[in-house]
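Below is one structure, written out as C-alpha cells; comments come after it.
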Amino acid sequence: MSDPASTSPRRMTLNMGPQHPSTHGVLRMILELDGETVVKASCDIGYLHTGIEKEFEQKNWQQAVTLTDRIDYLCPLTNNLCYALAVEKLLGLEIPPAAQWMRVLLNELTRINSHLVWLGTHSLDLGAMSLFLYCFREREDILRIFEMFSGQRMMTSYFRIGGLALEPPRGWQAPVAKFVAGFPDRVNEYEDLLTKNPVWVRRTKGVGYAPLEDLLDQGVTGPMIRAAGLAWDIRKSEPYSSYEKFDFEVPVRTESDVYARYEVRVEEMRQSVRIVKQALEGMPAGAWKADAPHVVLPDREKMKTQMEALIYHFKIVTEGFRVPEGEVYQVVESPRGEMGYYVVSDGTSKPYRVFIHGPSFGNLQGLPEMVVGRLVSDAIAALGSTDFVLGDVDR
Amino acid sequence: MLADELRAWDGAAVLEASAGRGELTLEIAAEKIAAVCRRLKEEHRFARLSAITAVDRYPAEPRFEVVYLLHSIERNERVRLKCRPSGEAPEIDSVTGVWRAANWYEREVFDLFGVRFRNHPDLRRILLPEEWSGHPLRKDYPATAAKYNYSDETQ
C-alpha cells in the first residue's frame, strides 16, 4: 500500500496487525513509514469489543462478578476487587479484616502474575526467548495458588460482593509461603538475563520516550507514569481494602523510556512479594464474608436449620439483592495503572449502568507519540512497554 | 469548596452540587462544559481526565447524562461533572482542547450512545465498525439478537 500523497518511493503505509504476534492481542496499528522510520502512527481498536458493559445490565449484581474476570484477563482478581468495592460502597457494607487482607494478598499475586506475562512476552518481542519460559514457569505456580483458592486458574471470580466466594482452603499458607520464599531469587535470575544485557539495554534505553506532562495529558497511568518520575500509586494515595496497613515502596524512575518501565515493573514485583509476605504473616482471624444476610448467602448449615436463613437464601438466589439508588466511581491500582468502575444503581437487583475505565485504554492512547520519529523495531519495544490488554481496551 | 469557587467565577455554570457517598458531583450547564473543564484544569489543578462516559436515563428527557471523571494528583481529589444535553441526538462541546485524553473517550461515548461532540478533531466510531447502525448502550437498543420468527415463513 503506497501513500498516494507522497511521491517518494521510500514512503509507505504499513498495516501492523490485527493479527501480529507483537500486538499482544488484536490491535491494528497503522504506521506511515519513510524508509524504516515511523512518520505517523495510529491505533485502530475494537476488534475485541464484546459489549460487556451492556451485558452487566442484564445480570444481577452478584452474577456480574463473573463478567469482571473477562475484562482484563491478566488480572481478573483486580477486576473482581474493583467491582466488589464499588458495589459494597453503594451498599454500605463493612468487609471483615480477614477478607480484606486476603484480597490484598491475592491481588498482589495477581500483580506479579500480570507482570510476569508482560516481562515474558515483552522480552520475547525483543528477542530474549528464554526469559519467556522462566516467567511462565513462575506464573504457573501463581495460577496453581489461584486454582487452590477458587477452583479456577484464570477466571477466578473469587472476590464477591460482601467478601470472598469460598472459605480459604485448609493449608493455603504453605504454597503461598513457598512461592514468596523462592520468588525473589527468580527475579534476580530475570535481572541477570536482562538488566545488564547489552542487547536488551540498546533496544530499550532511550526508546519510547515521552515527557510526564504528555503522558498525564493523554490519560496514561500506572508504571508508565512512575517511570516518568511521578510517585503516584492509588494503593498509597487512595488506599482501599486496608492497603494503608502494609509497608511497601513505590518504585520511581525518571528516564521515561522502555528501560525505565522495565525497571519499575521488576521492582514492583519485589514490592508485591513484600506485601504478600506481610499479608501471610499478619493474616487476621475471623469471618471471610460480611455480616449482611440480605446480600451474602447464608452458610449451608444455617440455611437448612433456620427459617430466616432459608428465606434470605431463596430471595438472593431467585431475585438477587437490591442495591440502593446512587452511583460511585471506585478506583484501584491495577498492574497496568488506574482501573475504575463507575457503577450506577437505580435501586433494583440489576446494575443500571457499569462503566469500566480500563488502564490499557489510556495507556494505548499515549502510544503513537512514543513511536513517531523512530524505527519500526523501536515501535515494537514501545508497544510492549505500554503493557496493554486488549480485553481491557475494547471491553 | 470547589462548587462555591466555580459559582463565584461563573454564576450560571454549576446547576447543582452533591456529595453522595463522599464523592463530589457537580452538575454543569451543558453549554459551559468546555470552559468549566479548562477552569478546573488551569486554576484548580485537575490535571487529569480519568474518563468520560455517559448514562442513558431513557425515557426521561433529557435522556443522556455525560459524565466527566476528573482527578487531581496534587490535591489527591476526584470530582465528577455531569451534563445533560437535550434531544434525541444531543450535542455537546468537546473537551479535547483541554485534555488530549478526551479524544478516545468522546469517540467511545459517540459510538455507544450517539452523543455528538462539537469541535472533536476526529469523531468516528471507535469500538464498532464504521458501518454499524445504532448505539448499543442506549436503553432502547436490544441486548440480545432479534429472535427469528418462524411463523412469518410462508408454507
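Only sites in a loop by DSSP and with at most 16 other Cβ atoms within 10 Å count here; which GluC sites (Glu not before Pro) in the stretch A:163-226 make the cut?
Passing sites in the stretch A:163-226 do not exist.
For the stretch A:283-354, run through the GluC sites (Glu not before Pro) and keep only the ones in DSSP coil with at most 12 other Cβ atoms within 10 Å of their Cβ.
For GluC sites (Glu not before Pro) across the stretch A:283-354 that sit outside H, G, I, E and B with at most 12 neighbouring Cβ atoms in 10 Å, the list reads A:GLU319.
Mind scanning A:LYS54/A:LYS315; A:LYS277/B:LYS41; A:LYS54/B:LYS41; A:LYS54/B:LYS82; A:LYS304/A:LYS350 and naming the pairs with a C-alpha gap bigger than 30 Å?
Over 30 Å Cα-Cα: A:LYS277/B:LYS41; A:LYS54/B:LYS41.
Take peptide B:48-60, look around each residue's Cβ out to 10 angstrom, count Cβ atoms belonging to other protein chains, and average those counts.
Partner Cβ neighbours, averaged per residue: 5.
If I model a spin label at B:ASP4 and B:GLU43 as a point 7 Å from the Cα along the Cα→Cβ vector, what separation in nanometres do I get?
1.5 nm
Please average, across the residues of A:361-367, the number of beta carbons from any other chain that are within 10 Å of each residue's own beta carbon, and give a whole number.
3
Using only Cα atoms, find the angle between the long axis of helix A:76-91 and the longest principal axis of chain A, and express it within 0 to 90 degrees, rounded to the nearest 10.
50 degrees
Give the residue list of GluC sites (Glu not before Pro) in the stretch B:1-42 that are DSSP loop and have at most 14 other beta-carbon atoms within 10 angstrom.
none
If you average the sequence gap of Cα pairs under 8 Å that are 6 or more apart and divide by the length of chain B, what percent do you get for the contact order?
That works out to 17 percent.
Can you bin the stretch B:2-152 into rounded, prolate or oblate? Criterion: square roots of the alpha carbon gyration tensor eigenvalues sorted a ≥ b ≥ c, rounded for a/c under 1.5, prolate for a/b above b/c, oblate for the rest.
It comes out prolate by the Cα gyration axes.
Among B:VAL98, B:ALA13, B:PRO85, whose Cα projects farthest towards the positive end of the dipole of the stretch B:2-152, with charges put on the beta-carbon of Lys, Arg (+1) and Asp, Glu (-1)?
Of the candidates, B:VAL98 comes out farthest on the positive side.
Taking the simple approach of a point 7 Å from Cα along Cα-to-Cβ for both A:ARG153 and B:LEU15, what is their distance in nm?
With each label point 7 Å from Cα toward Cβ, the separation is 5.2 nm.
Relative to the longest principal axis of chain A, what angle (0 to 90°, nearest 10) does the C-alpha long axis of helix A:173-194 take?
10 degrees
Considering only A:MET29, A:GLY171, A:LEU280, whose Cα is most displaced toward the positive end of the charge dipole of the protein assembly as shown, charges sitting on Cβ of Lys, Arg (+1) and Asp, Glu (-1)?
A:GLY171
Please give the average number of partner chain Cβ atoms lying within 10 Å of the Cβ of each residue in B:99-108, rounded to a whole number.
Neighbouring Cβ atoms belonging to other protein chains average 5 per residue here.
Just report the Cα centroid separation between the stretch B:34-103 and the stretch A:152-199, whole Å.
Rounded to whole Å, the Cα centres lie 38 Å apart.
Could you work out the longest stretch of chain B that avoids the trypsin sites (Lys or Arg not before Pro) located in DSSP loops with at most 13 other Cβ atoms within 10 Å?
Of all site-free stretches, the longest is B:76-123.
A:ASP387: net charge of surrounding residues, Cβ under 9 Å, Lys/Arg +1, Asp/Glu -1, itself excluded?
Result for the neighbourhood of A:ASP387: +3.
Which angle between 0 and 90 degrees, to the nearest 10, do you get for helix A:97-125 versus the longest principal axis of chain A when only C-alpha atoms count?
Computed tilt is about 20 degrees.
Given an 8 Å cut-off on Cα distances and at least 6 residues of separation, report the relative contact order of chain A as a percent.
It comes to 25 percent, rounded to a whole number.
All of the numbers you see were taken from the coordinates with simple rules; none came from a lab. Quick caveat: nothing in here was measured; it's all calculated off a predicted structure. With ideal geometry, Cβ positions are generated from the backbone for all residues, glycine too; neighbour counts draw on all protein chains shown.
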